[in-house]
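Here's the structure, in structure tokens; my notes come after.
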Amino acid sequence: MSRRKLIAANWKMNKTVAEATAFVPALRAAVARLAGIDLAIFPSFFCVRALADALAGTSVAVGAQDLHWEPNGAFTGEVSGAMLTDAGATMVIVGHSERRHVMGESDEIVARKLAAALRARLAPILCVGELLSERDAGNEKAVVERQLASAFQGVAEEMAARVVVAYEPVWAIGTGRTAQPDDAEAMHGAVRSWLSAHVGAEAVSMRILYGGSVNAGNAAGLIARENVDGFLVGGASLDPASFVAIAEAASG
Ligand code: 13P
């Protein structure tokens, strides 16, 4: 089964509107050249509208980094799925490790957000991944399977198939210490097996991204593995040349 590679930029809390839109010419040139892969950008909420407008007519998707699980209401500071689609987003990240471990989001909150994203017809990227202490204790697979089980609970198969999973080991995020291709493939294979058993036949077409210190130098080795279907890139996505170089490595 050949799955289209997806290379996604998570800009985290970086870039103003002017800085975000300055990225657009490089992206337009990249998509024109790189057939066969999908690109997506996840800027701050503020940049979604401007970026979606600037990339209209291209295949580059624009998404948000988070959403609230309710459609509206008294939730000061929060943003709903409907607000995101209204701003031009077609995707959203759910359960990023910084949300889980810095903002304290539980598995239950992540599950509510995944359901809300699907209800809003956004394509979610569900992030999973273990802490270094959990890997050192040999629990990485159990942790990731627990995160998957919680997030997918109650999600119908035809909806679940719209989810992209991103394996982001927490110890590899922003540390310069990336997972070795063998370690990434071992976990991606485990994620695919879990999806096959619990989501169903659609699992074979679901994309599983790797994230954590991906750069132009390590991308080719990771993407060569069978179950690595793309990347969720943080730091190295902030510079157009380095993001495009990763996309080039992924397009083979
Ligand atoms: P870095 O690529 O900066 O390690 O961040 C990865 C990440 O968190 C993407 O969501």
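The values are calculated or read from the model by the stated rules, or taken from the named source; none is laboratory data. What you see is a predicted model, and the numbers here were worked out from it, not measured in a lab. FYI the Cβ positions are ideal-geometry reconstructions off the backbone, even for glycines, and counts take in every protein chain you see. Calculation scope for accessible area: heavy atoms of the full protein, side chains included, ligands and nucleic acids excluded. Shrake-Rupley method; radii C 1.70, N 1.55, O 1.52, S 1.80 Å.
A simple charge model with +1 on the Cβ of Lys and Arg, -1 on the Cβ of Asp and Glu and nothing else charged puts the dipole of segment 8-121 at about 280 debye relative to its Cα centre.
Ligands, DNA and RNA left out, the 1.4 Å accessible surface of the chain is 54% carbon and sulfur atoms. If R₀ is 22 angstrom, what is the calculated FRET efficiency for the pair HIS198 and ALA142, using the beta carbon separation as r and rounding to 0.05? Computed FRET efficiency for HIS198 and ALA142: 0.90. Solvent-accessible surface of segment 5-251, taken per residue with a 1.4 Å probe and all protein chains present: 41 Å².
Residues in segment 183-206, backbone N under 14 Å from the label point at GLU158 (7 Å along the Cα-to-beta-carbon vector): list them, ranges by number please. Once the point is set 7 Å along Cα→Cβ of GLU158, 202 turn out to lie under 14 Å by backbone N, inside segment 183-206. What is the sum of charges, Lys and Arg at +1 and Asp and Glu at -1, for the other residues whose Cβ falls under 15 Å from the Cβ of ASN218? Net of charged neighbours comes to -3. What trypsin sites (Lys or Arg not before Pro) in segment 111-175 are in a loop by DSSP, with at most 16 other Cβ atoms within 10 Å of the Cβ? Passing sites in segment 111-175 are ARG121, ARG162. The chymotrypsin sites (Phe, Trp or Tyr not before Pro) of segment 25-106 meeting both criteria, a DSSP state outside H, G, I, E and B (loop) and at most 13 other C-beta atoms within 10 angstrom of the site's C-beta, are PHE75. The GluC sites (Glu not before Pro) of segment 174-232 meeting both criteria, a DSSP state outside H, G, I, E and B (loop) and at most 15 other C-beta atoms within 10 angstrom of the site's C-beta, are GLU226.
Determine which residues of segment 55-77 fall in the zone a paramagnetic label at ARG119 would reach in this model, i.e. backbone nitrogen under 19 Å from the point 7 Å along Cα→Cβ. Hits in segment 55-77 for ARG119 at 19 Å: 64-77. Each helix, a run of at least 4 DSSP H residues, gives -39500 (n - 2.57); summed and divided by the residues of the chain, these come to -12000 deg cm²/dmol at 222 nm. With 0.36 nm allotted per residue and the present C-alpha distance subtracted, the ALA241-ASP183 stretch has 18.1 nm of extension available. Principal axis extents of the C-alpha atoms in the chain (largest first, rounded to whole Å): 46, 44, 33. Between the listed residues VAL233, ILE223, ALA250, the Cα displaced farthest toward the positive end of the dipole of the chain, a dipole computed from Cβ unit charges relative to the Cα centre, is found at ALA250.
Each Lys or Arg adds one and each Asp or Glu takes one away; over the other residues whose Cβ falls under 15 Å from the Cβ of ARG207, this sums to 0. Within a straight-line Cα-Cα reach of under 25 Å, LYS5 can be paired with the following lysines, leaving aside sequence neighbours fewer than 8 residues apart in one chain: LYS113, LYS141.
About the centre of its Cα atoms, segment 5-251 shows a dipole size close to 440 debye [charges on the beta carbon of Lys, Arg (+1) and Asp, Glu (-1) only; nearest 20 debye]. Extension gain for ARG225 to MET103 (0.36 nm times residue separation, less C-alpha to C-alpha distance): 40.7 nm. If I take R0 = 41 Å and measure r between the Cβ atoms of ALA18 and GLU70 in this structure, what FRET efficiency does the formula 1/(1 + (r/R0)^6) give, to the nearest 0.05? Given R0 = 41 Å and the Cβ-Cβ separation, E is 0.80.
In segment 5-251, taking the dipole from charged Cβ atoms about the Cα centre, the farthest positive-side position among ASN139, THR85, ALA116 is held by THR85. Give the distance, in whole Å, between the Cα centre of segment 169-240 and the Cα centre of segment 1-32. If you average the Cα positions of each part, the centres end up 18 Å apart.
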